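J.: Dumping the structure here so I can ask a few things about it.
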Amino acid sequence: DAGVTQSPTHLIKTRGQQVTLRCSPKSGHDTVSWYQQALGQGPQFIFQYYEEEERQRGNFPDRFSGHQFPNYSSELNVNALLLGDSALYLCASSEDRGYTFGSGTRLTVV
Amino acid sequence: GDSVTQMEGPVTLSEEAFLTINCTYTATGYPSLFWYVQYPGEGLQLLLKATKADDKGSNKGFEATYRKETTSFHLEKGSVQVSDSAVYFCARIQGAQKLVFGQGTRLTINP
């Protein structure tokens with residue numbers, strides 16, 4: 001079982017650019033959540049997808065958007081990148097409250 | 001809103017010492033509680049969990065008991081090892097859909 005797979009592992013972008021991060025959930029998991037973890041902080045909930053729809057959203061601006069595909073994989077898109085968007089982005093898949101996290105994508109905005 | 005508060009770190013101990021990392025939560029109702037561990041350069045791994053009052057979660061020598069009366073879920077281990085060095089996060093389920101995390105406690109164990 002591959003667990004939760006995220007790509008890429010590292011990414012460097014320039015302010016104002018757009019970025020897409022990808023997540024493949026653990027086999028059998030149909031719900032995907034995204035978290036932002038700034039350096040030295042705990043993860044903050046961005047949003048959750050279930051049945052290809054956004055089910056719940058945290059306190060993040062509309063620049064953050066997502067998508068879930070029929071195979072349950074998911075993308076996180078961030079537009080108009082700011083320096084403050086630099087963080088580790090974690091994907092978690094779940095089934096019946098059993099959460100499994102990926103290793104994350106380290107995004108650096110310069 | 002509902003939150004999770006952890007003791008501030010960093011925490012540095014010698015090998016075989018006793019470990020306690022405090023965690024308290026605010027909540028309406030009775031959330032499920034978790035401890036996650038994050039090793040350098042990695043994502044989060046579930047360490048243990050408890051889903052109702054007085055439940056004790058345990059794994060790899062770590063334990064935590066869900067205390068409703070004190071709204072706490074303190075992490076303990078009787079004898080730590082160098083390999084336990086990591087960042088530990090206390091978390092709770094909010095609304096059955098999202099995890100709310102504490103700020104994390106960095107633990108360093110010296111040989």
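J.: Starting from the Kirkwood Rh over alpha-carbon pairs, what translational D in µm² s⁻¹ does chain A have by Stokes-Einstein at 37 °C and 0.692 mPa s? Intermediate results must be reported in sequence, preceding the final value.
T.: On the way: Rh = 13.7 Å.
The calculation lands on 239 µm²/s.
J.: A further question on this structure: Rounded to a whole number, what is D in µm²/s for the protein assembly as shown from Stokes-Einstein with the Kirkwood radius over alpha-carbon pairs (10 °C, 1.306 mPa s)?
T.: Values: Rh = 18.0 Å.
The Stokes-Einstein estimate is 88 µm²/s.
J.: Averaging over all projection directions, find the projected area of the Cα convex hull of chain B and quote it in nm² with one decimal place. Intermediate results must be reported in sequence, preceding the final value.
T.: On the way: hull surface 26.4 nm².
Its average projected convex-hull area is 6.6 nm².
J.: Sticking with this structure for a sec: Per-residue accessible area for B:Lys68 at 1.4 Å probe radius, Å² rounded to 10?
T.: Around 90 Å² of this residue is reachable by solvent.
J.: Just want to confirm a number: the relative contact order over region B:33-109, from Cα pairs under 8 angstrom separated by 6+ residues, in percent.
T.: Working: 148 pairs, mean separation 20.9, N = 77.
For region B:33-109, the relative contact order is 27 percent.
J.: With every protein chain present, what is the per residue accessible area of region A:33-110 (1.4 Å probe, Å²)?
T.: Details: 3550 Å² over 78 residues.
Accessible area per residue: 46 Å².
J.: With +1 assigned to the C-beta of every Lys and Arg and -1 to the C-beta of every Asp and Glu, and no other charges, what is the dipole magnitude of chain B about the Cα centre in debye, to the nearest 20? Write out the running numbers ahead of the final one.
T.: Values: 10 positive and 11 negative charges, 70 e Å.
Charge dipole, chain B, about its Cα centre: 340 debye, nearest 20.
J.: Just checking the output field for A:35-45: average partner chain Cβ neighbours within 10 Å of each residue's Cβ?
T.: 5
J.: Please work out how much accessible surface B:Thr108 shows to a 1.4 Å probe, ignoring ligands, DNA and RNA, in Å² rounded to 10.
T.: Roll a 1.4 Å probe over it and B:Thr108 shows about 50 Å².
J.: How high is the relative contact order of region A:32-110, in percent, with contacts defined as C-alpha pairs under 8 Å that are six or more residues apart?
T.: 28 percent
J.: With +1 on the Cβ of every Lys and Arg and -1 on the Cβ of every Asp and Glu, and nothing else charged, how large is the dipole of chain A about its Cα centre, in debye rounded to the nearest 20? Walk me through the numbers on the way to the answer.
T.: Numbers: 9 positive and 11 negative charges, 109 e Å.
With Lys and Arg at +1 and Asp and Glu at -1, about 520 debye.
J.: Quick check for you: with a 1.4 Å probe and neighbouring chains kept, what is the accessible area per residue of chain B, in Å²? Intermediate values should be presented prior to the final figure.
T.: On the way: 5210 Å² over 111 residues.
On a per-residue basis, 47 Å².
J.: Follow-up question, since we're still on this one. For chains A and B, what's the summed buried accessible area, probe 1.4 Å, to the nearest 100 square angstrom?
T.: On the way: alone 6120 and 5970 Å², together 10610 Å².
Roughly 1500 Å².
J.: Could I ask something else about it? Leaving out ligands, DNA and RNA, and with a 1.4 Å probe, what % of the accessible surface on region B:42-111 is carbon or sulfur? Spell out each step's value before the answer.
T.: Details: 1350 of 3080 Å².
That share works out to 44 percent.
J.: At 7 Å along the Cα-to-beta-carbon direction for both B:Thr71 and A:Ser7, put a label point, then send me their distance in nm to one decimal.
T.: 4.4 nm
J.: Under 19 Å from the Cα of B:Lys49, which lysines turn up, not counting those fewer than eight places away in the same chain?
T.: Output for B:Lys49: B:Lys60, B:Lys68, B:Lys77, B:Lys98.
J.: Probe radius 1.4 Å, ligands and nucleic acids ignored: give me the carbon and sulfur share of the accessible area of region A:25-110 as a rounded percent. Before the final figure, lay out the partial values.
T.: Values: 1710 of 3850 Å².
With neighbouring chains kept in place, the figure for region A:25-110 is 44 percent.
The values are calculated or read from the model by the stated rules, or taken from the named source; none is laboratory data. Bear in mind the structure is a predicted one, so any value in this text is a computation, not a measurement. FYI the Cβ positions are ideal-geometry reconstructions off the backbone, even for glycines, and counts take in every protein chain you see. Side chains are part of the model used for accessible areas, which takes the heavy atoms of the whole protein and leaves out ligands, DNA and RNA. Shrake-Rupley method; radii C 1.70, N 1.55, O 1.52, S 1.80 Å.
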